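The values are calculated or read from the model by the stated rules, or taken from the named source; none is laboratory data. This one's a predicted model, so the numbers in the text were calculated from it and none came from an experiment. Using ideal geometry, Cβ is built from the backbone for each residue, glycine included, and neighbour counts are taken over all protein chains shown.
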Amino acid sequence: MWAQMLVLTRTPGESIMIGDGIELIVLATDGRKVRIGIKAPSDVPVHRTEIYLAIQAQGEVGTDSDPRDLPRIGGRRAS
């Protein structure tokens with residue numbers, strides 16, 4: 001699907017811009033975990049990949065999809 005991938009190194013407090021309206025901010029790191037904040041326009045849906053795939057599998061991809069309507073994944077409520 002993708003021909004290339006840009007790989008960046010960021011530290012907590014640093015961010016990455018995607019286009020003019022989406023910012024990814026590294027909030028914290030703890031061992032192998034990274035906490036990321038996402039600033040995006042309200043009309044841009046933002047989902048974890050497993051939630052996005054579950055929505056796609058139900059044929060409901062779009063801004064009107066509500067991940068709270070999905071079944072629990074991995075023992076946790078979708079969000």
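Residues of the range 38-61 that are surrounded by 12 or more Cβ atoms within 10 Å (Cβ to Cβ) and among the small types (Gly, Ala, Ser): 40, 54.
Filtering the range 1-35 to residues that are assigned to a loop (DSSP other than H, G, I, E, B), over 17 Å from residue 46 (Cα atoms) and not aliphatic (A, V, I, L, M) leaves 2, 4, 9, 10, 11, 12, 13, 14, 31, 32. Every condition in (1) surrounded by 10 or more Cβ atoms within 10 Å (Cβ to Cβ); (2) at pLDDT 90 or above holds for residue 13 except the one numbered (1).
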